[in-house]
Amino acid sequence: MLYNLTITGRIKLLSTFQWPISMCLKLRIHVTTYTGDCVVNDNFGKYCPTTCGVADYLFRYTPDVTQNLDDMLGELERIGNLTRGAEEKVVFMRDTATLAQKSSQPDLYYKKSSSMLDDVVRFEKTIVTQEQQLFELQNFILSNERRMQDLKQLTRQLEQTCNVPCKDKVEIQPITGTDCQEIANKGASISGLYYVKPLKATEQFLVYCEIDSYGRGFTVLQRRKNGLLSFNQNWVPYKEGFGYLSPDDSTEFWLGLEKMHLLTNSVTLPYVLRIELVDWQGNKKYADYAMFRVGAELDKYRLTYGYYFGGDAGDAFNGFDFGDDASDMAYTIHNGMQFSTPDSDNDKYDGNCALQDSSGWWMNRCHAGNLNGRYYPGGRYTEKDAGAFDNGIIWVTWHDRWYSLKETTMKIIPLSRINTDGQQQSGVKNFGGL
């Protein structure tokens, strides 16, 4: 036997704002026929196989539930009334604000306050911009102050220079001769600029003479000191000479192949060529060559000497075995070579040694020593720096081909002055220790 008992209660309230509030109570109890003893239960009383106990329980509590639902309905109606009051207040406040905004005479103090706030914001932005501009101006001022300090230092140096009495021309010593040794023999005792006129020369020319305390006069042919003068010159400059002669020996120059020819071929007594070298660590070495001569222009100013006279720099003019080829020594001998420049190729190489090395020199195929090479500050350079060519100021019997010397000097003195060393020593070998 199946009994269906359904109790349904539903309450629904819509407030002023259409808020759904509902409460439902629905109970469906299905009881099947059951035979047996009744069971005592605390909630339902006697629970029997029939629905008598359940029904009695529900009927007993129905009035209380109905009363509770009525109370809840009244409470919800009160909440709905309060909600309508709040809505009316909000509408009133909105209308009041709109009316105030549309008023033709708003609150002056409020208007002034708003204007002041706008001004403050604008001034803040202006201040930030001006602070950035001030920062940039301060940096500019500091930079100018540093430049002013540099200019002041330069001004002081110029003032010191200007305090020295001016001279209309370079000071040239009055004594002349066929070379610097003859000038020293005539009584000259200070180094400086002198005019010389070799026997075969048609006119005198200016040279720098080194005169030491023993009365020896060296005629300087070449000077490298600081790299300020480019030795990448063509045939005519190398023939006539380039650079500047100075009384204090502070400048670089190449005296000129024609002058070297006149100096070394005008006397029967042969000259000794001294080559002086200085590296970037301040070390000094030299090499001497006896019976040094420079040929005529018709023979491309060919270099010849009798023999290596000595010195601690080694004999680079005799060639060097680089280890590249069995013919290295033969291909780098300088004795007997003609002079080459980038525009006048007189070497033994298929290419142009002077052109690839950017200098004029007595080239073979190509060289073991080149005092007219490119000036590399610091000394060390690489194949990449030089375009694969060892084109520095080189003397490989002292430093290797990838080291460019800092200072070089080429100067000559008659062989007759070898013994005049202040100690009356004899023997040509003594010249190597000058």
Check GLY360: other-chain or 5+ apart residues with amide H under 5 Å from its amide H, H built from backbone geometry? GLN233
Using the per-residue mean of other Cβ atoms lying within 10 Å as a proxy for protection, in what order, highest first, do the peptides 188-199, 330-341 fall? 330-341, 188-199
Dipole magnitude (debye, nearest 20) for region 180-433, charges at Cβ of Lys, Arg, Asp, Glu: 700
So how do 294-302, 278-286, 177-185 stack up, highest first, on mean other-Cβ count within 10 Å? 177-185, 294-302, 278-286
Relative packing of 145-155, 232-242, which averages over residues the other C-beta atoms within 10 Å, highest first: 232-242, 145-155
Cβ-based exposure ranking for VAL164, VAL396, in which fewest neighbours within 10 Å come first: VAL164, VAL396
With 10 angstrom as the radius, rank MET260, MET116 by how many other C-beta atoms surround their C-beta, starting from the fewest. MET116, MET260
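Every read-out reported here was derived from the displayed coordinates using simple, explicitly stated rules and does not represent laboratory data. Remember, predicted model here, so these are calculated numbers, not experimental data. Every residue, glycine as well, gets a Cβ built from its backbone with ideal geometry; the counts of neighbours run over all protein chains shown.
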